[in-house]
1. What do you reckon, how do Glu63, Glu139 stack up by accessible area (1.4 Å probe), largest on top?
2. Cβ neighbours within 10 Å, averaged per peptide: list 51-60, 27-36 in order, most packed at the top.
3. For the stretch 1-137, with the dipole built from +1 on Lys and Arg beta-carbon atoms and -1 on Asp and Glu ones, taken about the Cα centre, which of Ala74, Ala96, Thr46 lies farthest toward the positive end?
4. Roll a 1.4 Å probe over the protein heavy atoms and report the accessible area of Asp38 in Å², nearest 10.
5. Taking the DSSP beta bridges in the chain as the whole, what percent of them are antiparallel, to the nearest 5?
6. With axes computed from alpha carbons, what is the tilt in degrees of helix 62-75 against the longest principal axis of the chain, rounded to the nearest 10 within 0 to 90?
7. In whole Å and largest first, what semi-axes does the C-alpha gyration tensor of the chain yield when each eigenvalue is scaled by 5 and square-rooted?
8. Apply the Karplus parameterisation 6.51 cos²θ - 1.76 cosθ + 1.60, with θ equal to phi minus 60°, to every residue of the stretch 92-98 and state each ³J(HN,Hα) to the nearest whole Hz, in sequence, with x for glycine and proline.
Amino acid sequence: MQVITLFPEMFSGVFDTSMLWKAQKNEVVQFEIINLRDFGIGPRKTVDDTPYGGGDGMLLMAEPLFGAVEHAKANDPSAKVLLMTPRGQRWKQSLAQEYADAEHGYIFICGRYEGYDERITTLVDAQLSVGDYVLTGGELPAMTIVDSIVRLMPGVLGGEASAEIESFSDGETLEFPQYTRPEEFRDMKVPEVLLSGNHAAIAKWREENSKKA
Ligand code: 4GS
């Protein structure tokens with residue numbers, strides 16, 4: 001997976017911790033963070049300019065983004081190019097599964113400012129959104145999407161317990177409420193059925209209390 005961003009330093013905390021770190025160590029996935037600034041124009045390495053037709057703010061220019069995507073494609077020619085934008089398809093669990101099962105890599109483009117020159121969409125295989133709200137950049141969406149994909153890759157999910165929870169899901173079932181010790185905490189009791197040892201009853205309770213996507 002490759003990420004094109006003006007803020008490479010944002011990724012180390014997320015990619016180098018816990019499951020994503022383990023996935024890299026076990027060679028399930030490899031991350032390459034590409035600094036868009038390196039593809040900027042002129043001595044100032046400019047990456048943005050004002051919009052034609054007027055309006056607030058700055059746009060990412062086409063040329064630096066083309067340069068960065070071409071660099072990433074040279075590293076991994078079969079990789080699919082993904083653009084993080086609130087105008088994109090809403091990300092969901094079934095897409096995470098589909099992307100985790102794919103053989104090819106991904107190149108994430110993280111937008112900044114008021115947007116990007118529309119001509120970069122000619123390079124893009126999919127436009128993806130994490131929700132109907134406006135963020136300051138595409139970095140958090142890219143991290144969210146990467147995390148949701150990598151945890152589904154073979155050899156990442158470690159513990160049997162987690163795998164068991166996963167097996168309940170048809171890919172769209174989200175989580176049910178869970179409890180650990182003690183049985184009673186500040187007058188709040190663990191639901192009786194979970195202490196019953198009745199596996200069928202427990203499965204039924206979990207199904208009834210699952211949030212469906
Ligand atoms: C999202 C989102 C987003 C939009 C990037 C304004 C900077 C910002 N990207 N899902 N320009 N929601 N991007 O808000 O993907």
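The values are calculated or read from the model by the stated rules, or taken from the named source; none is laboratory data. Predicted model only: the values in this text are computed from it and were never measured. Positions of Cβ are backbone-derived with ideal geometry, glycine not excepted, and every protein chain shown enters the neighbour counts. Heavy atoms of the whole protein, side chains included, go into the accessibility calculation; ligands, DNA and RNA do not. Shrake-Rupley method; radii C 1.70, N 1.55, O 1.52, S 1.80 Å.
1. Working: Glu63 125, Glu139 0 Å².
Descending order: Glu63, Glu139.
2. On the way: 51-60: 11.9, 27-36: 16.4.
Descending mean neighbour count gives 27-36, 51-60.
3. My answer, from the dipole projection, is Ala96.
4. Surface open to solvent at Asp38 totals about 100 Å².
5. Details: 7 of 26 bridges.
So the antiparallel bridges in the chain amount to around 25 percent.
6. Here the helix axis deviates by roughly 60 degrees.
7. Numbers: eigenvalues 332, 71, 48 Å².
Each semi-axis is √(5λ); the values are 41, 19, 15 Å.
8. 8, 4, 5, 6, 4, 5, 4
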